[in-house]
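The values are calculated or read from the model by the stated rules, or taken from the named source; none is laboratory data. As the structure is a prediction and not an experimental result, all values here were calculated from the model. As a convention, Cβ positions derive from the backbone with ideal geometry for all residues, glycine included, and neighbour counts pool all protein chains shown. For the accessible areas, the whole protein counts, side chains as well, though only heavy atoms, and no ligand, DNA or RNA atoms are used. Shrake-Rupley method; radii C 1.70, N 1.55, O 1.52, S 1.80 Å.
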Amino acid sequence: MVSLRRDEAARRSEMITVRNYVVELDLGDDTTRYISRTRIGLTVHGAGTTFLDVAPVRLIGVRLDGVALQVDQLDGARFPLHLEAGEAELEVEAEMAYRTDGEGLHRAVDPADGRVYLYAMSFLDAAPSIIACFDQPDLKAPVQLSVTCPPDWVVFANAPGDQVEPGRWTFAVTPPLATYQFTVVAGPYHVVRDVAEVDGVSIPLSLSARRSLAVELDRQAEDILTVTRQSFAELHRLFGVRYPYGDYHQAFVPEFNAGAMENPGCVTLRDSMIFDSGITRGELLNRATTVAHELAHMWFGNLVTPRWWDDLWLNESFAEYLGHRVTSQATEYTDARVHDTFRRRNWGLAADSRPTTHAVAGGPAPDAATALADFDGISYAKGAALVAQLATTLGDAAFLAGLRQHIVSHRFGNATMADLVSAWESAAGIDLSGWVRDWLAAPGVDRLRLDRSTTAVSVRPVSARRHPVTVAVHHESGWARYAVQANGTRTPLPESAGAAVRAGAAVVLDAGVTSWAVSCLDPQTVTALVEILPGTGDPMLRAATWTALRSSLHEAELDPTVALDLVLAALPTERDSVAVETIGQWAVTRLVPVCDDPPQALATLHDVMCGVMASTTTTGTTTGTADVRLAATRVGVDSATSPQALRGWLEAAVIGEVAVDLDLRWRILHRLAALGEVTRDELHRRCRDDPSARAEIALAGCLAALPEPSAKAWAWRHVTGETRASNYVVAAAGAGMYQWGQQALTDPYVLPYFEVVASMAEHRSGWALADAAGSFFPWTTSNRAAVRLAEDLAARPEVDRAVARVVLDRADDLRRRLAVSDHSLMVTIQPPETSATHPG
């Protein structure tokens, strides 16, 4: 499907206003197709030619003001229209295809019981595969939906609805929606209902998930609903505008590509967030921030929507910022900022350090596909950090006043970044053009460095950005903190810190994680931290230190053996399961493979994790002990090299005090598969004995991980399109295919990979396209030709831009690993050709 261009969208929005959509979906017994009928009311501002977006299997009929049009005019997913000025009505009937790639109207079959579940994902340009529409964010219109389906199904959509007769559902008219926000969720879902009382108003709440997850949903519903109620109250307070969409439903759906999608009134989330195995606090906290993030979108993104996709960062950066702010201030998960530092910050910093970096406010995106390619850690993590920075600079009163003014001024409409900045400038009485220029419009990340000879913090490259940071310096009496405004080439630390810095004291440059910059740990600091970090109690300082350690390896500035010494010394003293699992997994997959003796490094790390698994206390306290042991057990399994030990765990009911549940069982099987210590027959048998969606996905990863040529060939058929499978299974096959120690089996696929992904858009699209390209990148190879091949592929104009982007990003990770492992000079990967006008 041809991606909508910005200039086409501008012409169309000048020509027409969409008054309303009336949609009927007939979801009958067919397993592959359904009928979509759409009636569209238009106001035409001047006679002319435009087009309707519709992507059917078969276009049954199109009528304009009652007159039938020739359906063979359909060109791809565009139907040409000649319209006269005035009021007009379109009627479109089409046969649509269910999809299995997580976009459009996705159809999933639960392996646990064979039941069928549907949900609609219309973002970014998938709506035309569900309904006929004018698919651009600035043509918002009310939607009235009716659905025919099997009588035992329940249906949810963007507005409150009822089953008016068996198998027939009708829904209220929505407020104006952008087409990418349209959704419907249908199937034999298990439902939990509740109410939020907010400022004297009752908001009906509901949750749904597959019936095979009913027990888990019932058990976890109160936590989700409590966070939802608390987030509603806090967001009402912050925005000063009531929630406008009636009921609020959260549907946990299968095979979902994103973490969640903010459809007004009916949010869709990955159903892996309904945990069917042991749960760490980090997982609960991640779910809580996701709930708050999506709820924040009801105001920022839905009530006020970007005019075009290059302002998409406004949606995500604000929801990311507000998700963590609301979670930490209004719920029991008060450590959300620490969690964010572990989970999201390095993701954003890595994206901003790559050749494909782009401005946060990444306009002008020439088409929708280009905008989607820039949907990454910069849009989320960096944007959120800059919003937090601005809130601190303006002060909360002016920050919120500008935000409220913006929402009231553009309620149910569209707006741009300039509109929002103008509202802030008005509220605060200051000029923000310099901040916009330096932070939002300029791509790339600065690097903070410590110059011990002058006891100064330097910024590279030299930029106009100011970095307000707290520098932590360890003295004999403990950590001392110094507020520094790093700006220009060199900012001296206070003299009271100088002697300690010159003597080799440990220094953490952004100890409060208040700026947006890469700050590494120099070797003297890492060496000193081996003794110091285990006794450091400040959670944010520890999180900042671990973040800087990961950046140090990513930037190829630290000997991996020195980094491993710190991990082995300090990780066992962590009381935060997020830290244990995040840093442990990073050590297994990124740090150990570049050490001088990877097998010995892995064995030592495993022994340390086993010590944490067996402990009953951590650093003298029982707080979070079970939580930490579960996280350590996961890392311990992934780092195990003894088949006998793994077999013992597999057949046991518990490992220490941790139950061997679905997640751990398949994690053990995956490790056995990578070691070649389990057969295909046993893997299939275990999946048959306990069928579930999780098991089916895990099975694919295990089969691909086996150290056999036939296993790699089996996995490879998933990326070529020879084997058709769900998006999750394809990703699992790609992730499982590449294992450390199996390069002799996978390196023959390096050259074929670049040949296959160049034409992958012929049988994949959207999220699934980029995900498959990323999952199958040969990241374990030491073949330097892969870096050059990635650059060559990205330069080819016929290659999909999302594919070019993900390939270059994976190649950048590869060349950094090679630089660490052999201390070579890092080569530069060129960004795609489109970067001249839109970086990345």
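Return the FRET efficiency for the residue pair HIS475, ARG219: r is the Cβ-Cβ distance, R0 is 45 Å, and the value is rounded to the nearest 0.05. Efficiency, from the Cβ-Cβ distance: 0.40. Taking the charge dipole of the range 281-395 about its Cα centre, with +1 at Lys and Arg Cβ atoms and -1 at Asp and Glu Cβ atoms, the residue from PRO306, PHE318, LEU394 reaching farthest to the positive side is LEU394.
Percent of Cα-Cα pairs more than 18 Å apart in the range 417-547, please. Roughly 57 percent, once rounded to a whole number. What FRET efficiency would be calculated for the residue pair VAL191, ARG688, taking the C-beta separation as r and a Förster radius of 51 Å, to the nearest 0.05? Using R0 = 51 Å, I get an efficiency of 0.95. By the helix-only formula, in which each DSSP H run with n ≥ 4 contributes -39500 (n - 2.57) and the sum is divided by residues, the chain has a 222 nm mean residue ellipticity of -12500 deg cm²/dmol. Calculated on the alpha-carbon coordinates, the convex hull of the range 55-170 measures out at 143 cubic angstrom per residue.
Rounded to the nearest 20 debye, the dipole magnitude of the range 1-77 is 220 debye, with +1 charges on Lys and Arg beta carbons, -1 on Asp and Glu beta carbons, and the Cα centre as origin.
Net length available on complete extension from THR454 to GLU8 is 154.9 nm, with 0.36 nm assigned per residue and the Cα-Cα distance removed.
When GLU682, GLU696 are compared by accessible area at a 1.4 angstrom probe, the order from most to least is GLU696, GLU682. Residues in the chain average 35 Å² of solvent-accessible surface per residue, probe 1.4 Å, ligands and nucleic acids excluded. Between VAL109 and ALA85, the simple label model (points 7 Å from Cα in the Cβ direction) yields a spacing of 5.6 nm. Here the label points at ASP152 and THR723, each 7 Å from Cα along the C-beta direction, are separated by 3.2 nm in the simple model. Where a ≥ b ≥ c are the square roots of the eigenvalues of the C-alpha gyration tensor, would you call the range 711-765 rounded, which needs a/c under 1.5, or, failing that, prolate if a/b is larger than b/c, or oblate? Oblate, because a/c is 1.5 or more while a/b does not exceed b/c. For a paramagnetic label modelled on THR641 (point 7 Å from Cα along Cα→Cβ), amide N atoms under 18 Å away belong, within the range 724-764, to 739-744. If you take the charge dipole of the range 193-240 about its Cα centre, with +1 on Lys and Arg Cβ and -1 on Asp and Glu Cβ, which of VAL198, SER212, PHE232 is farthest toward its positive end? Checked the options; the winner is SER212. For PHE375, nonlocal amide neighbours, meaning residues 5 or more places apart or on other chains whose placed amide H falls under 5 Å from its own, do not occur. The GluC sites (Glu not before Pro) of the range 446-540 that DSSP puts in a loop, and whose beta carbon has at most 11 other beta carbons within 10 Å, are GLU476. Rounded to two decimals, the Cα-based Rg/Rh of the range 318-386, with Kirkwood Rh, is 1.05. The fraction of accessible area contributed by carbon and sulfur in the chain is 52 percent, rounded to a whole number (1.4 Å probe; ligands and nucleic acids excluded). Please report the spacing between the Cα centers of the range 108-134 and the range 198-265 in Å, no decimals. When both Cα centres are located, 20 Å separates them. Each Lys and Arg adds +1 at its Cβ and each Asp and Glu adds -1 at its Cβ; summed about the Cα centre, the chain shows a dipole of about 1060 debye. With the charge dipole of the chain set up from +1 on Lys and Arg Cβ and -1 on Asp and Glu Cβ about the Cα centre, the Cα lying farthest toward the positive end among the listed residues ALA108, GLY648, VAL508 is that of VAL508. Stretching ARG437 away from ARG33 to a fully extended chain increases their span by 140.5 nm, per 0.36 nm per residue minus the current alpha-carbon distance. Taking all protein chains together and a 1.4 Å probe, the residues ASP627, ASP199 rank ASP199, ASP627 from largest to smallest accessible area.
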